[in-house]
Every structure is written in structure tokens, then in C-alpha cells.
Amino acid sequence: MSQSQSLHLFNHASTPNLTFPTTKQCYSYLPKPSTTFYNRRFPLISIRASSDLDSSAPLLVSDNGNRAVFSREEEYPVAAGSIEVDAVTETELKENGFRSTRRTKLVCTIGPSTCGFDQLESLAVGGMNVARINMCHGTRDWHRQVIQLVRRLNEEKGYAVAIMMDTEGSEIHMGDLGGSSSAKAEDGEIWTFSVRAFDSTLPERTINVNYEGFAEDVKVGDDLLVDGGMVRFEVIEKIGPDVKCQCTDPGLLLPRANLTFWRDGSLVRERNAMLPTISSKDWLDIDFGIAEGVDFIAISFVKSAEVIKHLKSYIAARSRDGDIAVIAKIESIDSLKNLEEIIQASDGAMVARGDLGAQIPLEQVPSAQQRIVQVCRQLNKPVIVASQLLESMIEYPTPTRAEVADVSEAVRQRADALMLSGESAMGQFPEKALAVLRSVSLRIERWWREEKRHEAMELPDIGSSFSDKISEEICSSAAKMANNLEVDALFVYTKTGHMASLLSRCRPDCPIFAFTSTTSVRRRLNLQWGLIPFRLSFSDDMESNLNKTFSLLKARNLIKSGDLVIAVSDMLQSIQVMNVP
Ligand SMILES: Nc1ncnc2c1ncn2[C@@H]1O[C@H](COP(=O)(O)OP(=O)(O)O)[C@@H](O)[C@H]1O
Ligand SMILES: C=C(OP(=O)(O)O)C(=O)O
Ligand SMILES: [K+]
Ligand SMILES: [Mg+2]
């Protein structure tokens, strides 16, 4: 189906239920505007021919087997003679050859410093694989605008930047500081933390707190930590909804900064621990994310696997199967306690060191990071290392040596992705920070390969069915062969992305070219270590797939005759080794 035949789909609250047609039947509905269908996996949807609608947010239809599947974006089959890969990867492959491509993926939080089209484009050029929007900040309209700009960038310039929406969660945090961008708390000063609602102007040295039960839960003598200890207060008096605190460690207070309170050296978890992981505001944000068709939803302060399972079934009932991946943010004591089952239930995890460092002693954060990365690798889930990687670059154009060492350590642990927060959201040097992540990743990855430090990590079986076990065996054998034979690239033909993730899990020395037929899978694979996702239509006939891929890639100078390749696929349980003809 070509772009000009696009169909527009709308959620439609009160339309009659009709059996959902196959794609062929859809075509026959095309000339009739506003025909409405019902699909059991979608809420009510109406379909109209493209001509009577504006084309700012096209939603199209494609065929997956005998049933029609909807997506917000260009899910039309790739034209038979074409292959889609983003411009940055293409240039990188042409200039440096495949061996030197970057394996570690990069996530950038988008904020005031980076929300314009040109700024987003610079980040894409600089290697951003995923754009993260943090629902703690900004309005839904602001976030929608960012999503649309990223879409436009992908459509106009051929990028496959994925979008991750991060929920606010039920954490306790300060209010907006009455419009100022920061406030300085000096040693010994008395500040009032209050749950009262203030008009636009806050009284001097007063901080608004978002948690109703705050004044009841804290006790005189508690330590109140802002952002995990960046500024510290001691509670000296409680007067109704107001809590008077004396500053013991001075520092800068930032809008909506996180608050924790500690008693006798331990984090206090009273009724605040009973707050739901997904607040009512978060559910509205999640509905927004589903409607906007984001690729990932990251859930803050996950405590148990149940909440992830619940969210996944909520999404499945409202969106195309598996269309949105759920990322569990590991940033609380409970999430560490229930780590394995949370990660098992999720589609990926984030080491959210910002809040984690406010909940456990700072010196325990590195070992927690190592454990989370390891568990994710074993359970085959992508993992993002986040927060303060290049914190000083919010203000300065070069990182500290310590920051470079921290980034190196995450790369050496073979995390799937690194994330920028304030550095890209509100910092002065977002592109420079991204360039540091890129160059450090490339250098450490190369060093690792040169040193041949293959880690001896045993990867346990994860599949439950026999055919899953076969896929795992194929991927680990293919990766081992690729290392031993020093092949140039692994090729994987994958419908769901699963086989590609199994190869990525083995962290082979060569890059993995992942061929998939849908844009949503292609974008999702962008978060996983070592995968270079391409969009290509392919069949069950591997011989013809390979021939087609070779000729398309050769025509674009992305591979050349003689290159050694190992190919595996979702459809055919085999490993093929060959030279490009
Ligand atoms: N959409 C946004 N609008 C305004 N400021 C933002 C936005 N997103 C992020 N920021 C700024 O970037 C900082 C770092 O982002 P992030 O780490 O995601 O949030 P937080 O620090 O609240 O956990 C935030 O503290 C905030 O100042
Ligand atoms: C990534 C994190 O979450 P957020 O920025 O939303 O607080 C973190 O706490 O490290
Ligand atoms: K958040
Ligand atoms: Mg956090």
C-alpha cells in the first residue's frame, strides 16, 4: 500500500461495533469516508479516507498474516526494492566500516534546551537513539509538540528515533518555587515546608510539598534530604500543615526536586510507601502516551512485578499487541528487593541512580548498578544506566575525569544504553554531552574487543518452549562462531525483534544487522546493544532474503563483495555462514 492510500484511524467513543475486516476488506472501504469498525484489540476506531483529513498525524494500515494491524505511522510494506536505515548509521557504516559502529545506545531527555526541531535534529545527528520525555515536567501539549517534532524528523530525514515517556510516579517532591528557576538555602536558615496551597506568590523561604500526609509523617529531629542529599535540613518544629526546618547542608534548591526524610540513619517509609506506584495523574499520562503512540513507557518507583503486569495488560487492551514496551525504573529499596521478578515482568529496566541514591547509601549505588545490569542481561531485557553521567556538563563544556570513568564503567558493564537527563534537558551543552557519551562508548567498546576480554558470564536458558530454546542455542552458537571466525556482521531477519535481542544478549564482537518489516519494531530495537535496525520486507525464503539484502546493501555501499556474514532468522532455525557475493 502506498502512502497516498493512507487511512486515518480515530478513537471513537460511540460508534456501532462492526467485525474488523481484513486488509483486503479495508481497501474496499477506502472510498467511504468515516466508515467505522470495531476491533477487539483496539477501542472503537473509525477509518476515513485520507483526503478529508489533515495529514499531520497519519495513521496507516498494514497486513500481518490475515488480519489487519493498525499503527500510527507508516506501517506500509517497504517498497520491494528498498531498505530503510537512518542517515547517521548509513554515514557511519560508509565512513568507518561496520566494525567500528557504536554498540551502546544513547537516550536523551528532551527539555527546554533541546525541544526545537533543529536542536532535536542535532541530537539525532549526534547519535540519539531514543528521546525521553519526563512527565514530571512540562504540560501534555508541550510533550505532544516534542513527539510530533521527533516524528517529523524521522519521516523527513529517515531517522528511527524512538520515544520514551517517563511517568512522574508518586514520589514526594517540592513544588515549583513560585516561578524562580532555583533558590539558595544557606547554612542555619529556617525554611518552611508546607502542604498548604499557595497562590502564585510563595512567602519567603517557603517550599510547597506535593504529598498531603507530609506534615503528619515527619517528626521533629528527622533529616529532610533534597535530591538525595544535595541540600539537607533538620525538622525543628511542626505547626499544622507547616514544617519548620533548619538547613544543615546548604545548596541550590531546584523546582520539583525530590524529597526524602530519614530517621536514625534510615529512610522513613510510612504512609508514603503506600502511595500507588502509578498515580491517577500517571494513568492520564499513560493514556496520553498510548494515544500518541510512544515506543516505551518508563514507570517510576516500581515496587513489585504486579504493577508492571497490570500496566502491560492495560496497554495490550488499548494498543496494538506489544506495541509499547514497559521499562521498570529501579530507584527504590522495594525494587531492589523484588528485582528479578520485576525485570522478568518488564520489557527492560532503567538504573535510575538519581532517586536510587536518595534511597540507599550512595556507596551502594555502584554495586546495585552492576547487579541490575547483570540481571537484565541474564533475563534478556535491555537496560539503561541513567542520571548524573555527565552532570558537570550542565554548566561546563568538558566533563570531569570522574564522569568519563563512570561512563566507561557502564559501557564496560555492557549496559544496552546510557541516558542524559539534565545535561540534555536544560544544560548548556547538550550536543557536547552527547558527543562525550558517543566517543567514550566507541573507545571503551574497541578497547574491550582488542583486549579480547570476553567475560565468562554464563547466560542461563530463558525460553520456556522448546522452540524458544532452539532460538537461544542458535543465537549463542552464531555469536560464538562470529567471534571465532571474526566475521564482519551478523544478520538477523526478525518479525517481532526477539531473535535480534537474543543475539544482542550475547554481546558479539561484530555488529548485528537486524532486518524487520515494521517501523515500530525497528524503533524499539534501537534501545538494544549492538543492533543496527533496518526496515525491509522479507519472506520465509532465506536464500532470496539474503540475495535481496546483499544487493540492496551493496547498491548503497554499506557492504562489499567478500565481507563475511553469518545469518539467522526467526522463521528458519538455521545458521548460514557466507561471503557477500
Ligand atoms: N519538559 C521539561 N520542561 C522543563 N524542564 C525540564 C523538562 N524535562 C526536564 N527538565 C529539566 O531537566 C532536569 C533534569 O531532568 P530529569 O532528570 O529528567 O528530571 P528530574 O531531575 O526531575 O528527575 C529537571 O530537573 C528539569 O529542570
Ligand atoms: C532517571 C531517574 O528518574 P527521574 O529523572 O524521573 O527522577 C532517576 O531518578 O535517576
Ligand atoms: K520521571
Ligand atoms: Mg527518579
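Here is the result for the stretch 90-139: no trypsin sites (Lys or Arg not before Pro) lie in DSSP coil with at most 13 other C-beta atoms within 10 angstrom of their C-beta.
When the Kirkwood radius is taken over all Cα pairs of the stretch 437-550, what Stokes-Einstein diffusion coefficient follows at 4 °C and 1.567 mPa s, in µm²/s? Provide the component values of the computation, followed by the final result.
On the way: Rh = 15.1 Å.
D, rounded to a whole number, is 86 µm²/s.
On the principal axes of its alpha carbon atoms, the stretch 177-270 extends 35, 26, 20 Å, with the longest extent given first. Where in the stretch 549-569 is the amide nitrogen less than 13 Å from a point lying 7 Å along the Cα-to-Cβ axis of Gln576? Zone members listed by number: 549-551, 565-569.
Among residues other than Ile190 whose Cβ falls under 10 Å from its Cβ, what is the net charge (Lys/Arg +1, Asp/Glu -1)? Intermediate values should be presented prior to the final figure.
Details: positive: Arg205, Lys244; negative: Glu189, Glu237.
Computed value for this residue: 0.
Structural descriptor for the stretch 406-448: relative contact order 50 percent, calculated from alpha carbon pairs under 8 angstrom and at least 6 residues apart.
If packing is taken as the average number of other Cβ atoms within 10 Å across a peptide's residues, how do 389-401, 334-346 rank, most packed first?
Numbers: 389-401: 17.3, 334-346: 19.5.
The packing order, highest mean first, is 334-346, 389-401.
Using a simple spin-label model with pseudo-atoms 7 Å out from Cα toward Cβ, Asp118 and Glu458 lie 5.7 nm apart.
The Cβ shell under 15 Å around Ile330 holds other residues with a net charge of -2, Lys and Arg each +1, Asp and Glu each -1.
Among the listed pairs Lys432/Lys554; Lys105/Lys381; Lys157/Lys554; Lys381/Lys480; Lys184/Lys244; Lys312/Lys495, which have their C-alpha atoms separated by more than 25 angstrom in this model?
Numbers: Lys432/Lys554 33 Å; Lys105/Lys381 14 Å; Lys157/Lys554 21 Å; Lys381/Lys480 20 Å; Lys184/Lys244 17 Å; Lys312/Lys495 20 Å.
Going by Cα-Cα distance, Lys432/Lys554 fall outside the 25 Å limit.
Against the empirical 2.2 N^0.38 Å scaling, what ratio does the C-alpha Rg of the stretch 315-472 come to?
Values: Rg = 17.1 Å, N = 158, 2.2 N^0.38 = 15.1 Å.
With N residues counted in the stretch 315-472, Rg over 2.2 N^0.38 Å equals 1.14.
Just so you know, all these numbers are worked out from the coordinates, no wet-lab data involved. These numbers were taken from a predicted model, which means no experiment stands behind them. Backbone-built Cβ (ideal geometry, glycine too); neighbour counts: all protein chains shown.
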